[in-house]
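Some notes on the structure that comes next.
The values are calculated or read from the model by the stated rules, or taken from the named source; none is laboratory data. Computed from a prediction, not measured in an experiment: that's the story for all the values here. Ideal geometry is used to build each Cβ from the backbone, glycine not excepted, and the neighbour counts take in all protein chains shown. Keep in mind that these areas ignore ligands, DNA and RNA; they rest on the heavy atoms of the full protein, side chains included. Shrake-Rupley method; radii C 1.70, N 1.55, O 1.52, S 1.80 Å.
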Amino acid sequence: MKKSKCNMKKTLACVQECKKLVVLSYEHKENKLTVSIKLPSHYTVQDIDTQTMEATLLPNPKDTNATILLMGLRRGGKSSICKVVFHNMQPLDTLYLESTSKPTTEQFSSLIDLSVMELPGQLNYFEPNYDSERLFSSIGALVYVIDSQDEYLNALTNLSMIIEFAYKVNPKINIEVLIHKIDGLSEDYRMDAQRDIMQRTGDELLDLGLEGVQVSFYLTSIFDHSIYEAFSRIVQKLIPELPSLENMLDNLVQHSSIDKVFLFDVNSKIYVATDSSPVDIQTYEVCAEFIDITIDLDDLYVENDDDDDNNTKQPRELRSVSHLSQGSILYLKQMIRGLALVALIKNEDARSLPGNNDNDFDQKLQSNSAVQDKSLTIIDYNINLFKKALMRMWEHSRFVPVESNNN
């Protein structure tokens, strides 16, 4: 008992070290220490370890960050999704990940400052120990992960309960459902599972009187690009300047003979914006893989000059052009804040070139190359204008940190 009292006193001393925390009361019963503390308004207690009394304090990011809350039952694939999408982990390596035991928060800076919060599936966040109202009021998107290879009835019941609470606290929240691990299902079973989950979720929400709630569903897997496509659409809903971005990209496509253009976050391969034409998953895959190829080649052929004059040089702006076999062109240009613009340019003239047995082939090929060079010059000029406009947009964005606005 003396040891317990000693640990209790040490824990209380640790809690009181932070001057902003005030211990209101404490109770020690059956080897469990319960401490009641007063927190500043911008903090919330998310998890308490009863052995070491470590309180995980998560700042409220709603003023500066767009926040995604990742939820779902245990072993549903939440940690694997975070590691693959935001940390470039190979999908097979996620087999060795341990189950998440306490809430985690990660920050990512791109066109917007994004916070991704992952909550363990085994904890009940509607208990009095957790300030769920503050938690749900500060997020922009609730992403619920359902394991399509497992029995999902309990997951749907849990989902409807969370939606009911979250929607009452924050009516503007985006509800996103990932029907995950579809790589192990046949095409027909995938569609049947999606249809069944959508139907059951709709029925649950109707029973709760929430027929006006919009819920988006995505079929996803970490073994293909479907998870990146889903997160791209989720993140885009959190960007207030998205309509302006799409309009700028539409103008770029119209005046540059571009077939499709994406604005990628280089690290995660999420596209934060694209033009208004429909997204073809194969085009997206080609453009995303082109980023990796460009970065690998850039690292391979980097200049190894140790002269002192190198320190005064401006950093190189990454640009890459690749001519594909069917005559199309892939174009990449570095933008701001870890973004890159990737465009697919289809050359109709190249497809009409005669075969190798034609005497005029070389001459027409040279003429076509000259036309492509002229077209790329125009594209370079237009994309530089787009980059300047993007910089001005970001400087005036609502997600610029508060300190910058005070200057």
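Before moving on, here are some points about what is shown:
- Amide H contacts of SER268 (H built 1.01 Å from N, under 5 Å, at least 5 apart or other chain): none
- For the range 57-236, the fraction of 1.4 Å probe accessible surface lying on carbon and sulfur atoms is 47 percent.
- HN-Hα J in Hz across the range 222-227 - Karplus 6.51, -1.76, 1.60, θ = phi - 60°, x for Gly and Pro: 7, 8, 9, 8, 5, 5
- Over the range 57-236, the reciprocal of the mean inverse Cα-Cα separation, the Kirkwood hydrodynamic radius, stands at 16.7 Å.
- PHE165 accessible area, assembled protein chains, probe 1.4 Å, Å²: 60 Å²
- Most to least accessible of MET89, MET161 (protein chains only, probe 1.4 Å): MET161, MET89
- Trypsin sites (Lys or Arg not before Pro) within the range 150-222, DSSP loop, no more than 16 other Cβ atoms inside 10 Å: LYS172
- Rolling a 1.4 Å probe over the protein heavy atoms gives the range 57-236 an accessible area of 46 Å² per residue.
- Note on GLU187: accessible area is roughly 110 Å² with a 1.4 Å probe, heavy atoms of protein only.
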